[in-house]
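A short worksheet on the structure shown next.
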Amino acid sequence: MKYCLLFLLLTLQTLDAYSQEKVENRINNKHYTVATIVLDAGHGGHDPGCHGKNVHEKDIALAIILKLGAYIEENFPEIKVIYTRKTDVFIELRERAAIANRNNADLFISIHCNSTNSSKPYGTETYVMGLHKTAQNLEVAKRENAVILMENDYRDNYNYDPNSPLAHIMFNLYQNAFLSQSMALATNIEEQFKQRVHRNSRGVKQAGFWVLYRTAMPSVLIETGFLSNPDEEKFLSSDYGQDLIASGIFRAFRDYKLKMENNTLETPTGQDSLKHEEDGHSNEILIDTATNAKEKNNIELRVQIFATYKAVDLNQKPYKQLEGIYQEQFENGLLRYYYGHYKSLENAKTGLKTAQQAGFTDAFLVGYMNGKPKNYQEVLPYFE
């Protein structure tokens with residue numbers, strides 16, 4: 001590890017305004033705080049990326065990045081969220097990485113969509129920096145890195161041929177120091193996609209993406225699905241599908257942040273994390289800190305029965321038909337009547353069904369955070 005660190009610190013001389021102390025702390029999980037995150041929407045402007053029948057990769061990637069950023073900004077206002085682009089503009093690959101390095105980012109997440117010549121492949125893939133494990137991984141990296149050819153003077157800027165397999169070999173040297181942390185985040189992302197978003201996870205993989213190679217921090221590149229597959233194109237084109245993908249990534253990030261800052265992150269080795277790559281399944285390491293996050297922020301779900309400015313007698317019908325109704329009064333005099341305190345979404349839905357079967361058909365779920373009511377959608381990411 002010390003040789004990897006020495007090599008990395010030497011290479012940092014070519015990066016802008018980067019703190020060597022912060023890099024060393026990041027590698028050793030010492031005094032680590034996720035304070036700055038850079039979110040990168042792949043492609044943009046005159047570079048559309050891959051495409052489906054009706055959409056381009058650049059538009060899907062941007063929509064998901066903006067939703068992911070909104071989740072982070074709302075739930076972790078103390079985190080500085082930086083976007084490589086928030087509109088349909090072209091950003092050079094080297095500039096995307098430079099943005100992260102100049103801002104001393106603690107994490108870099110790049111969003112993309114996949115495509116093949118066949119309409120059959122489908123599913124998500126999350127990449128970390130490293131040598132190519134399969135020919136398919138090499139092809140994905142070559143396709144994404146080919147955006148370099150759209151830049152002026154790319155040979156002078158990169159000294160790199162994106163079509164050369166030999167050129168990728170040097171890439172893994174730059175990210176060895178952060179590989180285990182990147183792998184932990186990538187694993188959690190694919191686990192969220194598989195278990196919570198119910199997508200087909202094609203696993204965590206390694207490949208030589210330029211944008212990952214030049215970022216001096218834990219970094220992942222997410223292929224959110226295949227636009228060449230009609231069903232996935234429809235899903236990724238929808239606001240609903242983009243929300244699900246963004247919320248899955250957010251939950252993975254949230255768990256990673258809590259584990260890193262508590263110095264309890266399980267960092268799998270490359271071999272262990274990639275052992276299921278060939279058969280298309282992600283590994284089984286699950287980092288679940290949703291309960292800790294809910295307890296830390298005093299988050300729960302309740303069933304709201306009704307609201308009124310006039311108190312009611314809970315011992316009279318129809319209220320006595322549902323034992324356990326309670327009221328909470330607000331400063332404006334409004335009384336809200338609730339049923340249950342729930343720390344799991346499954347139990348909350350059961351409570352809602354119970355209330356509706358008792359005759360309160362207009363009942364609905366609300367969230368509570370630090371003693372204050374929240375819209376159900378605001379706290380949902382903590383429960384899914």
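For segment 301-324, give me each residue that is outside any loop (DSSP other than H, G, I, E, B) and of a type in the set (D, E, K, R). Residues satisfying the conditions are 302, 320. Quick check on residue 352: is it buried (at least 17 other Cβ atoms within 10 Å of the Cβ), among the aliphatic types (A, V, I, L, M) and within 21 Å of residue 299 (Cβ to Cβ)? Answer is yes for this residue. Does residue 59 meet the test of being modelled with pLDDT of 90 or more, farther than 30 Å from residue 370 by Cβ and in contact with a Lys or Arg (Cβ under 7 Å, 6 or more places away or on another chain)? Judged against the criteria, residue 59 is not a match.
The set of residues in segment 355-372 that are buried (at least 16 other Cβ atoms within 10 Å of the Cβ) and under 30 Å from residue 188 (Cβ atoms) comprises 365, 366, 367, 368, 369. The number of residues in segment 339-375 being of a type in the set (Gly, Ala, Ser), closer than 21 Å to residue 329 by Cβ and in contact with a strand residue (DSSP E or B) (Cβ under 9 Å, 6 or more places away or on another chain) comes to 4.
Got a sec? Which of 206, 192, 181 is in contact with a helix residue (DSSP H, G or I) (Cβ under 8 Å, 6 or more places away or on another chain), among the polar types (S, T, N, Q), in contact (Cβ under 8 Å) with a residue 60 or more places away in the chain and not in a helix (DSSP H, G or I)? The unique qualifying residue is 206.
Residues that are within 17 Å of residue 253 (Cβ to Cβ), hydrophobic (A, V, I, L, M, F, W, C) and part of a loop (DSSP other than H, G, I, E, B) were ranked within segment 70-129; the one that is modelled with the lowest pLDDT is 105. One residue is enough: does segment 325-339 have a residue meeting the conditions in contact (Cβ under 8 Å) with a residue 40 or more places away in the chain and either assigned to a loop (DSSP other than H, G, I, E, B) or within 35 Å of the chain's Cα centre (by Cα) (or both)? No, the conditions are met nowhere in segment 325-339. Residue pairs whose Cβ atoms lie under 8 Å apart, sitting 6 or more positions apart in sequence or on different chains, and linking a residue in segment 236-250 that is in the same structural domain as residue 113 (by TED's automatic domain parsing) to a partner that is among the hydroxyl-bearing types (Ser, Thr, Tyr) and part of a helix (DSSP H, G or I), are 246/71; 247/71; 250/71. Based on what the data block shows, is residue 247 within 14 Å of the chain's Cα centre (by Cα) and modelled with pLDDT under 90? Against the criterion (within 14 Å of the chain's Cα centre (by Cα) and modelled with pLDDT under 90), residue 247 does not qualify.
Mind listing whichever residues of segment 71-96 are hydrophobic (A, V, I, L, M, F, W, C) and in contact with a strand residue (DSSP E or B) (Cβ under 8 Å, 6 or more places away or on another chain)? Break it down stepwise before answering.
Start the filter on segment 71-96 by keeping residues that are hydrophobic (A, V, I, L, M, F, W, C), which leaves 72, 76, 79, 81-82, 89-91, 93.
Scanning segment 71-96 gives 72, 79, 81, 82, 89, 90, 91.
The values are calculated or read from the model by the stated rules, or taken from the named source; none is laboratory data. On a predicted model such as this, the values are computed, not experimentally measured, just so you know. Glycine also receives a Cβ, built like all others from the backbone with ideal geometry; neighbour counts cover every protein chain displayed.
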